[in-house]
1. Take the residues in the range 59-73 that are modelled with pLDDT of 95 or more and not polar (S, T, N, Q); name whichever of them is surrounded by the most Cβ atoms within 10 Å (Cβ to Cβ).
2. In this structure, is residue 237 in contact (Cβ under 8 Å) with a residue 12 or more places away in the chain and closer than 30 Å to residue 33 by Cβ?
3. Taking the stated definitions as given, is residue 107 among the hydroxyl-bearing types (Ser, Thr, Tyr), touching a Lys or Arg at 6+ places or on another chain (Cβ under 7 Å) and modelled with pLDDT of 95 or more?
4. Residues of the range 169-178 being surrounded by fewer than 24 Cβ atoms within 10 Å (Cβ to Cβ) and either hydroxyl-bearing (Ser, Thr, Tyr) or touching a strand residue (DSSP E or B) at 6+ places or on another chain (Cβ under 9 Å) (or both), which ones?
5. Sort out which residues of the range 158-204 are more than 23 Å from residue 107 (Cα to Cα), hydroxyl-bearing (Ser, Thr, Tyr) and touching a helix residue (DSSP H, G or I) at 6+ places or on another chain (Cβ under 8 Å), and write them in order of number.
6. Spot the failing condition for residue 152; the list is (1) touching a Lys or Arg at 6+ places or on another chain (Cβ under 9 Å); (2) among the small types (Gly, Ala, Ser); (3) farther than 23 Å from residue 51 by Cβ, and only one is missed.
7. Look at residue 54 and say whether it is hydroxyl-bearing (Ser, Thr, Tyr), crowded, with 16+ Cβ neighbours inside 10 Å and not assigned by TED's automatic domain parsing to the domain that holds residue 225.
Amino acid sequence: MRLCLCLWVLAFCILASDLGALADVRSLISKELFEQILKHRNDAACQAKGFCTYEAFVNAANSFGAFATTGDTKTRKREIAAFLAQTSHETTGGWATAPDGPYAWGYCFKQERGNPPDYCVANQQWPCAPGKKYYGRGPIQISYNYNYGPAGKAINYDLLKDPDAVANNATISFKTAFWFWMTPQSPKPSCHAVITGQWKPSTIDIQAGRVPGYGVTTNIINGGIECGKGSNAQMENRIGFYKRYCQILGVDPGRNLDCRNQRPFNA
């Protein structure tokens, strides 16, 4: 009886350990791989030098339990590659002849460059705070008060009052990107649902050319500018990052990587 109990406890501990590993993004992307993927983010020329740490990425990712824990190992690795690729495009400092190629320069910037406008629009639910600006910040370059508001609510931090936190606190910064990635915004599905295969296109989606694959995540993020217009540099840049990251993580990128023939969701 005692032996059976010990075996049961051992089995439970092993199962708990396996579940813990599945719930922690570190089981799929080590610090070494993270550094390889975002190779030049701490270059002296990068505004975000020293900001986007592996530890902040892990802490933020693990606060969204379904991220990189949905599906088989191949699917989970693709989600990591897709998230880092899309956010790398949004924050890239690369150029065509950059050292190690243009796709080794993700996360070079943490906020919109130049002198951006305030990105404040009238919204009763998410009103702008006096004197605050809601321009692009963080890995996903979250912008507008109607995004800062619900993102802040989701991560339990008042980003309407303190939007600068997205550029000053690395964990909060990553959390806003994961919020956008994991949250559907009708009629758009979430990027998470698309890249993990949970999203099933409707008849309308199919007629619009929106079929499962990485390309739909681009459509979700910036479809109005990049999708349904044939090949363009922005869309191809997103694909370039994704292919490189999939290669580093040892996973095939899958099909339907572009959105050249997809109509935007709001079109």
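The values are calculated or read from the model by the stated rules, or taken from the named source; none is laboratory data. Here the structure is a predicted model, which means the values were calculated and not measured. With ideal geometry, Cβ positions are generated from the backbone for all residues, glycine too; neighbour counts draw on all protein chains shown.
1. 68
2. It is true that residue 237 is in contact (Cβ under 8 Å) with a residue 12 or more places away in the chain and closer than 30 Å to residue 33 by Cβ.
3. Judged against the criteria, residue 107 is a match.
4. Listed by number, the list holds a single entry, 171.
5. 196
6. All conditions are met except number (3).
7. no
Table: residues versus (1) surrounded by fewer than 20 Cβ atoms within 10 Å (Cβ to Cβ); (2) at pLDDT 95 or above; (3) in contact with a Ser or Thr (Cβ under 8 Å, 6 or more places away or on another chain).
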residue: 122; (1), (2), (3): yes, yes, no
residue: 127; (1), (2), (3): yes, yes, no
residue: 130; (1), (2), (3): yes, yes, no
residue: 136; (1), (2), (3): no, yes, yes
residue: 139; (1), (2), (3): no, yes, yes
residue: 145; (1), (2), (3): no, yes, no
residue: 156; (1), (2), (3): yes, yes, no
residue: 162; (1), (2), (3): yes, yes, no
